[in-house]
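K.L.:
The structure under discussion is supplied below as structure tokens; questions concerning it will follow.
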Ligand code: UD1
Ligand code: UDP
């Protein structure tokens, strides 16, 4: 059996890590393809180095372009790899352009597709990730859902076959990484004291392509009595460059830094007083650490976090952000962090193997030679 994973963006390197480990443990042949969607050292290679992910067998070097061009280039290059490797299954992760291109290339060659993190929905088609998710789920053969809500979302779209609730593979990496955090020096390096700063990340198109939204978030935080540590995503860096210098110079309590490594990010999250983010991954990690999280969006795909009560939706509205920061000052939103179940990656691989067994059995029956 030959499996082939396609990744390309920061969170996908984290998602593929525990699956690569499972494939190795079980002696399953696995090819790793990096589309090159993310390429800066701190957006890509640092994760391979730190998490000890084997180097990709192929790096397609696609780079940054408009959505159509980026996805088109990926389709062309992924197809070449698939024709050469002819894997038994292609595995795609999350909801980026690399996910969609991977799934589409495979389905055109009649190669079955497995989707990790299937069924998530924001119900907003103007979000590029939503189109990627809906199309990928529609053409996937096996769908691995992180939450019961994701299973339900698929059911409502009529997708019920080969849908498995396995949990969140990011939680496996999160748990595995805890023992490595105490040796990190990032807090000292940045002159930060535990629980004495807010951690901010922004990269969603709705907050970066609309400068008014970005400025509104900044205005909400510029007068708080705490340092705002802000590892800046490259998309956001480009947006900030469009804001007038005098406005940026008003952000005196902001400490803007380059994106950090995964382990350093976990340390920064764990020690933050509160986290403000529009990231999917970071809102979950905030919850796993029990840190109150303001989600800088109007909706979330991870609705369980809202039910658990440790997170609140604020959008980019200055007043709402200020109000919620004030209301939760000094106390968590709730003391009921959502508990995910570990070993999602192991459950995923077990289901994959079972699927292949069933296929083989069915082929045997058709040829009159059941196994
Ligand atoms: C992508 C995903 C998003 C995911 C995010 C994770 C899509 C549509 N979006 O968004 O779902 O949450 O990754 O971080 O796939 N850039 C660099 N260096 C890099 C990478 C990007 O400078 O290594 C800059 C480029 O100017 C690029 C911009 O960032 O145009 C945006 O990158 P892109 O990969 O298109 O989208 P993200 O915003 O990163
Ligand atoms: N992350 C990181 N360094 C950073 C910012 C994020 O290692 O400077 C990690 C974060 O801990 C999480 C993942 O990247 O595991 C989230 O990725 P991102 O926010 O880029 O994308 P999303 O999850 O929104 O798709």
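K.L.:
How big is D, in µm² s⁻¹, for the range 170-268 by Stokes-Einstein at 20 °C and 1.002 mPa s if Rh is the Kirkwood radius over C-alpha pairs?
P.N.:
Result for D is 145 µm²/s.
K.L.:
May I ask for the distance between the Cα centers of the range 5-27 and the range 263-317, given as a whole number of Å?
P.N.:
Spelled out, the Cα-based centre of one part sits 24 Å from the other.
K.L.:
Pick from 223, 21, 189 the residue whose mean-square fluctuation is largest in a GNM of the chain, springs joining Cα atoms under 10 Å.
P.N.:
Residue with maximal mean-square fluctuation among 223, 21, 189: 189.
K.L.:
Which value in nm describes the separation of the simple spin-label points at residue 191 and residue 212, placed 7 Å from the Cα toward the beta carbon?
P.N.:
The answer from the label model is 3.7 nm.
K.L.:
Under a crude label model (7 Å from the Cα following the beta-carbon direction), how far is residue 138 from residue 226 in nanometres?
P.N.:
4.3
K.L.:
Classify the range 36-115 as rounded, prolate or oblate, taking a ≥ b ≥ c as the square roots of the eigenvalues of its Cα gyration tensor: rounded when a/c is under 1.5, otherwise prolate if a/b is larger than b/c and oblate if not.
P.N.:
Since a/c reaches 1.5 but b/c is at least a/b, the shape of the range 36-115 is classed as oblate.
K.L.:
With a 10 Å cut-off between alpha carbons and a GNM built on the chain, which of 264, 57, 137 moves the most?
P.N.:
57
K.L.:
Sorted from fewest to most neighbouring beta carbons within 10 Å, what does the list 143, 181 look like?
P.N.:
By the 10 Å Cβ count, ascending, the order reads 181, 143.
K.L.:
Now for a separate question. Stretch residue 256-residue 237 to full length: gain in nm at 0.36 nm per residue minus the Cα-Cα span?
P.N.:
5.9 nm
K.L.:
So between residue 178 and residue 45, what do we pick up on full extension, going 0.36 nm a residue minus the alpha carbon distance?
P.N.:
45.8 nm
K.L.:
Taking R0 as 25 Å, what's the FRET efficiency between residue 83 and residue 362 from their Cβ-Cβ distance, rounded to 0.05?
P.N.:
About 0.45, to the nearest 0.05.
K.L.:
Right, another one. Once every DSSP H run of n ≥ 4 in the chain is given -39500 (n - 2.57) and the sum is divided by its residues, what mean residue ellipticity at 222 nm do you get, rounded to the nearest 500 deg cm²/dmol?
P.N.:
About -14000 deg cm²/dmol.
K.L.:
If I take R0 = 35 Å and measure r between the Cβ atoms of residue 327 and residue 65 in this structure, what FRET efficiency does the formula 1/(1 + (r/R0)^6) give, to the nearest 0.05?
P.N.:
After rounding, the FRET efficiency stands at 0.25.
K.L.:
Something else about it: Where does each of 241-247, 147-153 land if you order them by average Cβ count within 10 Å, highest first?
P.N.:
With the highest mean Cβ count within 10 Å placed first, the list reads 147-153, 241-247.
Read-outs throughout are calculated quantities, based only on the coordinates presented, and are distinct from any laboratory measurement. Keep in mind the model is a prediction, meaning the values are calculated, not measured. In this analysis, Cβ positions are derived from the backbone assuming ideal geometry, glycine residues included, and neighbour counts consider all displayed protein chains.
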